[in-house]
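S.K.: Quick one: the structure is below, and I'll ask about it shortly.
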């Protein structure tokens, strides 16, 4: 009886994996690694600030050539002056179609804060006595240590993941194997500024983008650095709030105890927004979020030690919005990302500052839409007694009339999204991961970061899941961004696993 | 009966004023003005950053020559490498002795922020259509408009007041009149960095500095621009507080709701320090300050419209520490002069910042000594649950152990001082002012700004009062510092009034 049930199951598994065995995936990816990294180095050496048209142009040219040389047809879609690169391969009507999303641009760099001179000249590095030291790129000719890293802007976010996908395609071509799915690509050149033109482009070219599932080649792996599928990502909105004090900076001796200080007014407002435990006090902020016990149970299975995570990041205690880290990510968050008033450090001077500025970001989830969270923030500021001006500076009349004046500029960024975990697409992804990594991979319900994916989902009606490749200690967005060679290699293996599984 | 009483009174008044009538003071000062301004221009053209030894040397040479040419004996007292210029005239044992304090150095300049090219090349300017335009210095040969201004670093703070004193001496010499008091001078070359060597110099030369009263030729006039004696000035202490969050900036999506944000921790701390009305909530902060009804009554006589002042400075309502502006200055104040965390504006990035810094200044009064206020601040921060580290960065162990970590660096600046308003010295000052200005002058119990005078008072035991000459719109410390010609002229008249009154 037992045998009878197992037999056809094993047979099916055997068939499904026939195109490339786990062993072949490992040997071919290792053989391809050196060539892949050389091309990766070249790709990283192109500056890629999405706000700089020349940067966009050079990266467009490079990626277009990379796709065409791999046999894909490309098409540049211009939205409001910004290019988006679409590509597709052979369309077999008997196969399902996957739309692969790739991010080309990276965060701006503050070179002075990096250990290397130029964040666009990639460095291959080895850790020696706790310090990362550059090693010669010729070392790639010998045995490649998976613990080495490549340091450069966009190494992990997200030129690395893109290159691993390209390398998987190269291996399949060498082997004469067709991917099990039809492939479409969309390359985004303004992800770090929330892809303002992506939604209109997709809306205007709906048929072109039509797919059965969307694969997002972006995002960092879970803390455990296990291979990782992520079924959702939080959205993001940002706000700049400026509180106005006196019209000019005033001498703090002559007017201290008389002129109101905007930095104190701002501090009181911010203090009222969030309590000591990290819980946001803006009424309605969490409304609609409902984590089932089953969801929480699944999250609790993910191997992570929250206390150890906190200690590794250098703090004693985590905030208490969720019962653990995974649950915390299911809720919207409110963050101060920047604060400035007067002068600090060597520049300090004894003045009552004329202004105090805070930069806020709010991460949203499907149940707490971006627009609603911004409206709640604005309502809260008004309820705290602030008068919000329309322009950049209060008028003389406004200054005379209102004791607490501020300006609020908001930006609606990426929408949140979350795919169900039981679709055919989800099963295809899971079988690909299982083929390569057995049970050593993680499915996360929703990750904390944001990706500009909502337009695809809402307009195309296809589920979107992100395949996470980079190591969690990759310093994305900050100085010394890097990718671990071992992760890069597993990225190629992940893509090979997926592209050889039946959908 | 009435006549009998009035007669000797009028006679005494007549005797006291015999040396130089009000009319003579006015005519001689106007006649001297052009020559005085030419010498002033030369003095202003010497750069005078107290941290630059060459600047100090050139100003020392100039002031030494200026005093010696006026018949004073000079002596350079070196303290820790920094010169202080002492001078004295003839010492008549039948006269009282006044020690005149003069500030030579000025704040550093940020030339780019000035309207003129070089803040050390003085410009004579006239207001035309609301804008200050340079006019030729030859205009001084004709009728001099009291509304003209001279723009240069230290025009008001405090080379202007020094020059008016020198010019009064020149007039007396021309008239063959001896001052009614013996004169000593101390010239300070590091006032803007809180005169670090002045106290030791005074302590080591106590006999040399001995005087019956100290005249401080520094400080800006009251808002009304009426001639002004100030009997006290607040002291100042400063503090830099850094709150530590995660060891590195973290991605606000990946760790938002998990990693504590130091900018929120700092905001809560600052919000707890001061209420909406501007009252400091640090326990004991105001302890010892006691404003009598008589004091308050005298302050209320000073002609100022607090609401109008607030509106002119661009805010609707003043803080409520005092019942009016003058009373507010009798209390210690707590000011946020700088705030910084993460990035703002074009540099903004979606991170949870690793640190948040606040720069604080506390103005102190005689009853709330500097050291006590700093201790109260530190106690308050500890009571709010912060662990204060000793070094620059918390250790790994400290990070694991304490949920709220900060570093506090404090600096003790000028001490507060306040002279009684009913001494013989005070009466001499008042009679000099009254002789020239009638009842059109102001006595302020204590002004808001700080001056490094406490060493004189504490060590010499003499009352110190500052004679305020510059116009309140003089932009001291900032760009476009200036002095109004009318104020400069009244400065000469003030000094003539004092130097011809019997002490």
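The values are calculated or read from the model by the stated rules, or taken from the named source; none is laboratory data. All figures in this text were calculated on a predicted structure; none of them were measured in a lab. Methodologically, a virtual Cβ is constructed for each residue, glycine included, from the backbone with ideal geometry; neighbour enumeration extends over all protein chains shown.
S.K.: Report whether or not residue B:37 is touching a residue at least 24 places away in the same chain (Cβ under 8 Å) and in contact with a strand residue (DSSP E or B) (Cβ under 6 Å, 6 or more places away or on another chain).
M.R.: no
S.K.: Restricting to the range B:50-81, name every residue that is under 30 Å from residue B:123 (Cα atoms), touching a residue at least 60 places away in the same chain (Cβ under 8 Å) and not in a helix (DSSP H, G or I).
M.R.: If the condition is that a residue be under 30 Å from residue B:123 (Cα atoms), touching a residue at least 60 places away in the same chain (Cβ under 8 Å) and not in a helix (DSSP H, G or I), then B:50, B:51, B:70 are the ones that fit.
S.K.: Still on this structure, I have one more. Go through the range A:398-411 residue by residue and tally those that are out of contact with any helix residue (DSSP H, G or I) (no Cβ under 8 Å at 6 or more places or on another chain), facing chain B (nearest Cβ under 9 Å) and in contact (Cβ under 8 Å) with a residue 24 or more places away in the chain.
M.R.: So the answer is 1.
S.K.: Now for a separate question. Suppose the filter is at pLDDT 95 or above, surrounded by 13 or more Cβ atoms within 10 Å (Cβ to Cβ) and touching a strand residue (DSSP E or B) at 6+ places or on another chain (Cβ under 9 Å); does residue A:78 pass it?
M.R.: no
S.K.: Here's something else I'd like to know. Can you find, within the range A:276-296, the residue that is surrounded by the most Cβ atoms within 10 Å (Cβ to Cβ) among those that are within 13 Å of chain B (Cβ to nearest Cβ) and more than 22 Å from residue A:370 (Cα to Cα)?
M.R.: A:276
S.K.: Quick check, is residue A:327 over 19 Å from residue B:339 (Cβ atoms) and within 23 Å of the chain's Cα centre (by Cα)? Can you show your working first?
M.R.: Working: over 19 Å from residue B:339 (Cβ atoms): yes; within 23 Å of the chain's Cα centre (by Cα): yes.
So residue A:327 passes the test.
S.K.: Go through the range A:412-440 residue by residue and tally those that are surrounded by fewer than 19 Cβ atoms within 10 Å (Cβ to Cβ), closer than 22 Å to residue A:224 by Cβ and touching a helix residue (DSSP H, G or I) at 6+ places or on another chain (Cβ under 7 Å).
M.R.: Of the residues in the range A:412-440, 1 are surrounded by fewer than 19 Cβ atoms within 10 Å (Cβ to Cβ), closer than 22 Å to residue A:224 by Cβ and touching a helix residue (DSSP H, G or I) at 6+ places or on another chain (Cβ under 7 Å).
S.K.: Would you mind finding the one in A:430, A:420 that is out of contact with any strand residue (DSSP E or B) (no Cβ under 6 Å at 6 or more places or on another chain) and over 20 Å from residue A:165 (Cβ atoms)?
M.R.: A:420
S.K.: Now a separate question. Among the candidates A:142, A:130, A:81, A:106, single out the residue that is over 19 Å from residue A:45 (Cβ atoms) and within 14 Å of chain B (Cβ to nearest Cβ).
M.R.: A:130
S.K.: Let me ask another. Quick one: would you say residue A:270 is within 24 Å of residue A:193 (Cα to Cα), within 11 Å of chain B (Cβ to nearest Cβ) and over 21 Å from the mean Cα position of the chain (by Cα)?
M.R.: Judged against the criteria, residue A:270 is not a match.
S.K.: Is there a residue in the range B:470-485 that is crowded, with 21+ Cβ neighbours inside 10 Å and more than 29 Å from residue B:127 (Cα to Cα)?
M.R.: no
S.K.: Please work out which one of (1) closer than 30 Å to residue A:363 by Cβ; (2) crowded, with 23+ Cβ neighbours inside 10 Å is the condition residue B:347 fails and give its number.
M.R.: (2)
S.K.: Sticking with this one: Say we look at the range A:297-311 and pick out the residues that are touching a residue at least 24 places away in the same chain (Cβ under 8 Å) and farther than 13 Å from residue B:400 by Cα; which of these is surrounded by the fewest Cβ atoms within 10 Å (Cβ to Cβ)?
M.R.: A:303
S.K.: Going by the structure shown, is residue A:372 more than 30 Å from residue A:259 (Cα to Cα) and more than 14 Å from chain B (Cβ to nearest Cβ)?
M.R.: yes
S.K.: Moving on to the next point. Can you name every residue in the range B:339-363 that is in a strand (DSSP E or B) and more than 7 Å from chain A (Cβ to nearest Cβ)?
M.R.: B:355, B:358, B:360, B:362
S.K.: Across the range B:312-338, what is the total count of residues that are in a loop (DSSP other than H, G, I, E, B), touching a residue at least 12 places away in the same chain (Cβ under 8 Å) and either over 22 Å from residue B:297 (Cα atoms) or more than 7 Å from chain A (Cβ to nearest Cβ) (or both)?
M.R.: 5
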